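Data first, discussion second: the structure below is written as structure tokens.
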There are 2 protein chains.
Amino acid sequence: MGLQDKLKNIKSTGIKLAATTGNQRNDALIAVKNALMSEKESIFEANKIDVSDAEKQGLTKSVIKRLGFDEKKLAGVIDGINELISLPDPIGKVLLARSLDEGLDLYRISVPIGVICLIFEARPDALVQIASLCIKSGNCAVLKGGSETKNTNRVLFNIISKAACSVLPEGCLVQIEERNEVNDLLSCSDSIDLIIPRGSNAFVRYIMSNTTIPVMGHADGVCHIYVDSEADIEMALKITLDAKTQYTSVCNAVETILINKNIADTFIPLFARMMTEAGVKLHGNSEFVQKLDEVCGKEITCEHMGDDDYHTEYLDYACSCKLVDDIDEAIDHINRFGSHHTDSIITKNKDKIEHFMEMVDSADCMSNCSTRFSDGFRYGFGAEVGISTGKLHARGPVGLEGLMTYKYKLYGSGQIVGDYSSGIKQFRFKDIK
Amino acid sequence: MGLQDKLKNIKSTGIKLAATTGNQRNDALIAVKNALMSEKESIFEANKIDVSDAEKQGLTKSVIKRLGFDEKKLAGVIDGINELISLPDPIGKVLLARSLDEGLDLYRISVPIGVICLIFEARPDALVQIASLCIKSGNCAVLKGGSETKNTNRVLFNIISKAACSVLPEGCLVQIEERNEVNDLLSCSDSIDLIIPRGSNAFVRYIMSNTTIPVMGHADGVCHIYVDSEADIEMALKITLDAKTQYTSVCNAVETILINKNIADTFIPLFARMMTEAGVKLHGNSEFVQKLDEVCGKEITCEHMGDDDYHTEYLDYACSCKLVDDIDEAIDHINRFGSHHTDSIITKNKDKIEHFMEMVDSADCMSNCSTRFSDGFRYGFGAEVGISTGKLHARGPVGLEGLMTYKYKLYGSGQIVGDYSSGIKQFRFKDIK
């Protein structure tokens with residue numbers, strides 16, 4: 001079946017799905033949960049094929065670990081589904097209630113976006129999470145997972161889809177397996193309301209540049225920490241180490257440390273030794289390398305980088321370092337080289353914190369804590385859809401509400417506009433309690 | 001100066017503009033208002049040239065009326081600026097305040113989107129309104145007005161820009177005059193955060209299909225009224241007449257009337273005579289024409305249309321008519337042929353109203369009132385940016401808040417993620433009052 005056929009009725013299915021009750025969607029999640037548990041052996045079996053294929057292809061251990069789906073990962077996704085079930089229904093929230101005149105009442109009500117296409121990395125647990133989020137929020141989902149887990153994905157999708165559609169409208173979940181279908185998807189603006197791509201920078205950027213369908217997500221995460229002249233040095237060391245090494249391959253890991261010149265002599269020797277001991281390779285421009293040599297002798301090695309290379313996202317045990325004159329040079333650097341994702345200032349000066357938060361044009365501006373905190377779970381949003389560096393619709397960590405839009409409902413009793421434009425009647429705006 | 005040069009620094013200007021106070025932006029609006037009043041003669045003079053050019057080119061009277069800028073229109077835009085000044089500052093609203101743990105406080109704060117490109121029809125008052133909205137909301141504006149008012153636009157822009165920049169950062173308003181620059185704009189995703197196009201369907205659709213920059217607006221407005229079997233006939237007549245004829249050239253005017261077969265014999269004779277008397281030309285498929293002939297004899301003429309032609313947006317004294325079996329056929333028709341803009345049901349049955357509002361996939365769903373109510377001013381939003389038929393970011397009539405986004409600010413006191421992932425610390429989410 002071609003993509004056009006698969007998507008032919010999805011818009012109208014979306015409307016039916018949006019009209020289901022919160023209880024029905026929770027029942028669907030319960031059915032999914034039960035099916036995953038009772039059919040777990042078939043999932044594990046399919047996953048063994050993917051893992052063995054990956055080993056034959058010589059993929060790295062960390063990649064193979066991500067591809068795996070075992071009892072522990074199953075328990076994780078079941079926990080996630082239970083959490084989703086416990087969350088309030090996102091559909092039908094009254095976002096505004098206003099009487100325009102007697103017998104003319106306006107409501108803004110939350111509704112699902114409709115049809116969401118999610119393209120995600122080779123992680124079987126991601127498929128379960130994403131499908132569950134769409135079920136909870138009443139959105140049709142078009143799912144394309146990484147091909148390295150195609151056997152696991154197929155089994156998981158069939159289990160989830162069958163269980164969900166025992167309660168919800170047939171066809172509300174669609175799986176895409178062929179890579180070439182992704183290109184076809186990009187032109188389906190009649191069927192798809194939103195694309196959420198996850199994966200490599202190049203891939204996400206490709207999606208963003210090749211479709212007129214709205215895209216939510218982030219290409220890269222070049223995050224910064226600025227260590228100010230008034231920083232608590234010990235705190236700055238602890239935070240930079242955490243932000244760089246706690247989990248290097250994620251978008252909210254720090255990539256560039258900006259160091260105020262006034263504390264360079266004190267901070268750099270401690271920082272450079274700490275990072276080197278942790279296995280982090282330092283990179284810096286001529287000025288930084290010179291200062292490093294001056295304060296550490298030649299004891300610490302540092303890769304030389306050009307002044308225009310500070311866009312680099314390592315996602316690894318490496319970071320860029322730079323000296324700056326003051327907070328404004330740091331802010332200018334971040335706005336120029338950053339990706340508007342997450343940036344943190346370390347300082348005891350409250351005015352500088354406010355100035356930094358105001359002038360840094362990023363989704364998440366922080367003070368005196370690790371950039372790694374920018375995450376839907378850590379922000380207390382429960383389920384996380386992803387992190388958006390775009391400014392429209394949703395920005396920063398996106399929870400369930402990022403999958404929602406609203407509609408207006410206006411209840412009249414015979415009103416016409418002519419009466420108001422001629423002055424026979426006047427609007428009398430009043431909030432409805 | 002080329003477009004690239006004009007936009008080179010606009011992102012950083014936007015950051016400076018976002019950091020201005022509400023008082024500064026109100027002072028800028030006062031300066032703009034005063035300058036418009038004191039330099040009004042130069043505006044009127046430039047406008048005379050545009051109007052005389054338009055007359056020479058033989059443009060229609062209604063177009064020429066829209067191009068004109070006189071004392072009355074000046075008074076209108078001054079009223080608008082005064083209203084904007086009276087509105088609360090949209091920047092800096094606390095949208096969420098949550099403590100994640102002791103000494104780790106998260107805030108979601110409203111901020112301007114940044115740089116907004118507005119492409120609008122040949123109406124000099126629109127330039128003033130749009131520039132004022134951007135000043136109030138702290139957004140840089142790239143403005144391209146209809147070429148038929150190029151002389152008026154130039155004078156207006158110079159007056160507004162000079163006055164605004166006496167208070168606000170230089171370069172926060174940019175004017176584009178050449179039509180070919182619009183095409184260049186569409187690829188400026190590094191400089192422009194959002195495009196709001198207004199104008200003909202074809203033009204808006206062209207913009208939407210040729211840029212990866214987010215676009216907010218609507219191409220067409222094929223709005224419906226469904227006259228149910230349980231409609232109050234007199235109310236249905238009054239509302240359909242208003243929705244069709246109160247102002248025909250606007251997007252929220254009704255284009256298609258769907259009539260339940262059970263009331264056709266009563267409703268159609270009254271409806272057809274009323275519309276014909278009002279100068280509205282009826283269009284209908286074979287079934288409708290046959291019914292019309294049956295109930296009105298051949299007294300009323302009706303243009304025959306195919307069953308697939310119901311996408312038509314007349315924006316004129318004309319409307320499509322169709323018989324439907326029931327509410328569900330009406331809903332299916334609207335979701336298939338409509339433009340997800342505004343649709344209204346006329347019925348006394350409350351269950352049908354709820355069913356219609358739930359199942360019609362439009363920004364504005366109404367009952368027992370005219371589609372013409374879907375408008376920012378009538379909804380009580382004050383200033384209106386436009387109407388969006390997209391589902392992302394803003395939907396339906398868009399007020400000032402459609403020009404805003406948010407950023408997260410996280411204030412820490414030394415926290416690292418490692419402590420939470422190792423279990424040394426736990427998140428303790430608490431709303432901050």
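Among the residues of the range A:182-211, those identified as polar (S, T, N, Q) and closer than 21 Å to A:Pro112 by Cβ are A:Ser189, A:Ser191, A:Thr211. None of B:Ser161, B:Ser132 is surrounded by fewer than 24 Cβ atoms within 10 Å (Cβ to Cβ) and either among the acidic types (Asp, Glu) or farther than 16 Å from B:Gly199 by Cβ (or both) except B:Ser161.
The residues in the range B:175-187 that are part of a loop (DSSP other than H, G, I, E, B) and touching a residue at least 60 places away in the same chain (Cβ under 8 Å) can be counted, and the count is 1. Examine the range A:113-129 for a residue that is of a type in the set (A, V, I, L, M, F, W, C), part of a loop (DSSP other than H, G, I, E, B) and in contact with a Lys or Arg (Cβ under 6 Å, 6 or more places away or on another chain), and state whether such a residue exists. Yes, the conditions are met somewhere in the range A:113-129. Taking the criterion of being basic (Lys, Arg) and exposed (fewer than 15 other Cβ atoms within 10 Å of the Cβ), the only residue of the range B:81-102 that qualifies is B:Lys93.
Within the set of pairs 6 or more residues apart or between chains, which connect a residue that is within 25 Å of A:Glu121 (Cβ to Cβ) and assigned by TED's automatic domain parsing to the domain that holds A:Ala363 inside the range A:251-266 to a residue that is among the polar types (S, T, N, Q) and outside any helix (DSSP H, G or I) with Cβ atoms less than 6 Å apart? Once the first residue is within 25 Å of A:Glu121 (Cβ to Cβ) and assigned by TED's automatic domain parsing to the domain that holds A:Ala363 and sits in the range A:251-266, its partners that are among the polar types (S, T, N, Q) and outside any helix (DSSP H, G or I) give A:Asn252/A:Thr342; A:Asn252/A:Ser374; A:Thr256/A:Ser320. Of all the listed residues (B:Lys93, B:Lys11, B:Lys33), the sole one being charged (D, E, K, R) and more than 22 Å from B:Phe381 (Cβ to Cβ) is B:Lys11. Identification of helices (runs of 4 or more DSSP H) wholly contained in the range A:1-90 with 3 or more residues that are within 14 Å of chain B (Cβ to nearest Cβ) and over 19 Å from A:Thr149 (Cβ atoms) yields A:10-18. The set of residues in the range A:138-156 that are small (Gly, Ala, Ser) and over 25 Å from A:Gly92 (Cβ atoms) comprises A:Gly145, A:Gly146, A:Ser147.
Scanning the range B:134-191 for residues that are among the β-branched types (Val, Ile, Thr) and more than 21 Å from B:Pro214 (Cα to Cα) gives B:Thr149, B:Thr152, B:Val155, B:Ile159, B:Ile160, B:Val167.
Summed over the range B:113-127, residues that are out of contact with any Cys (no Cβ under 8 Å at 6 or more places or on another chain) and within 9 Å of another protein chain (Cβ to nearest Cβ) total 1. If you go through the range A:336-348 and keep only what is within 11 Å of another protein chain (Cβ to nearest Cβ) and more than 20 Å from B:Tyr411 (Cα to Cα), you end up with just A:Arg336. With respect to A:Val360, determine if the residue is farther than 25 Å from A:Glu121 by Cβ, facing chain B (nearest Cβ under 8 Å) and of a type in the set (Val, Ile, Thr). Answer is no for this residue.
Of A:Gly376, A:Gly418, all but one fail to be in a loop (DSSP other than H, G, I, E, B) and either at pLDDT 95 or above or more than 9 Å from chain B (Cβ to nearest Cβ) (or both); the exception is A:Gly376. In the range B:231-287, the qualifying residues are those that are among the hydroxyl-bearing types (Ser, Thr, Tyr) and at pLDDT 95 or above, and the one that is farthest from the chain's Cα centre (by Cα) is B:Thr266.
Scanning the range A:240-252 for any residue that is of a type in the set (Phe, Trp, Tyr) and under 20 Å from A:Lys298 (Cα atoms) turns up nothing. Based on this model, can you work out whether B:Val417 counts as without any contact (Cβ under 8 Å) to a residue 12 or more places away in the chain and farther than 21 Å from A:Phe429 by Cβ? Yes, satisfied. Taken over the range A:275-331, the criterion of being free of Cβ contacts under 8 Å to residues at least 24 places away in the same chain, within 27 Å of A:Ser200 (Cα to Cα) and crowded, with 16+ Cβ neighbours inside 10 Å is satisfied by A:Met305 alone.
Filtering B:Thr389, B:Thr405 for residues that are surrounded by 19 or more Cβ atoms within 10 Å (Cβ to Cβ) and facing chain A (nearest Cβ under 7 Å) leaves a single hit, B:Thr405.
A residue that is of a type in the set (A, V, I, L, M, F, W, C), modelled with pLDDT of 95 or more and within 30 Å of B:Ile331 (Cβ to Cβ) can be found somewhere in the range A:2-12.
Report, by residue number, each residue of the range A:244-256 that is assigned to a helix (DSSP H, G or I) and under 9 Å from A:Cys319 (Cβ atoms). Within the range A:244-256, just A:Lys244 meets the criteria. Here A:Thr371 meets each of (1) surrounded by fewer than 20 Cβ atoms within 10 Å (Cβ to Cβ); (2) within 11 Å of chain B (Cβ to nearest Cβ) with one exception, condition (1).
Only one entry of B:Leu392, B:Leu315 meets the criterion of being at pLDDT below 95, assigned to a loop (DSSP other than H, G, I, E, B) and within 26 Å of B:Ile257 (Cβ to Cβ), and that entry is B:Leu315.
When the range B:421-432 is filtered for residues that are in contact (Cβ under 8 Å) with a residue 60 or more places away in the chain, more than 10 Å from every other protein chain (Cβ to nearest Cβ) and either out of contact with any strand residue (DSSP E or B) (no Cβ under 7 Å at 6 or more places or on another chain) or within 30 Å of B:Pro90 (Cα to Cα) (or both), the ones remaining, listed by number, are B:Gln426, B:Ile432.
Only one of the numbered conditions (1) over 13 Å from the mean Cα position of the chain (by Cα); (2) away from chain A (no Cβ under 14 Å); (3) part of a loop (DSSP other than H, G, I, E, B) is not met by B:Ala383, and that is (1). Of the candidates A:Asp419, A:Asp361, the single residue that is over 13 Å from the mean Cα position of the chain (by Cα) and surrounded by fewer than 19 Cβ atoms within 10 Å (Cβ to Cβ) is A:Asp419.
Scanning the range A:193-212 for residues that are in contact with a helix residue (DSSP H, G or I) (Cβ under 7 Å, 6 or more places away or on another chain) and closer than 15 Å to B:Met208 by Cα turns up just one, A:Thr212. If you go through the range A:188-242 and keep only what is among the acidic types (Asp, Glu), closer than 25 Å to A:Cys365 by Cβ and either part of a strand (DSSP E or B) or within 13 Å of chain B (Cβ to nearest Cβ) (or both), you end up with A:Asp232, A:Glu234, A:Asp242.
Here is a yes/no grid of residues against (1) without any contact (Cβ under 8 Å) to a residue 24 or more places away in the chain; (2) farther than 30 Å from B:Asp364 by Cα; (3) hydroxyl-bearing (Ser, Thr, Tyr):
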site	(1), (2), (3)
A:Ala19	yes, no, no
A:Ile30	no, yes, no
A:Lys48	yes, yes, no
A:Ile64	yes, yes, no
A:Leu74	no, yes, no
A:Ser86	yes, yes, yes
A:Pro90	no, no, no
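The values are calculated or read from the model by the stated rules, or taken from the named source; none is laboratory data. Fair warning: this is a prediction, and the values are worked out from it, not measured in the lab. We place every Cβ from the backbone using ideal geometry, glycine too, and count neighbours over all the protein chains shown.
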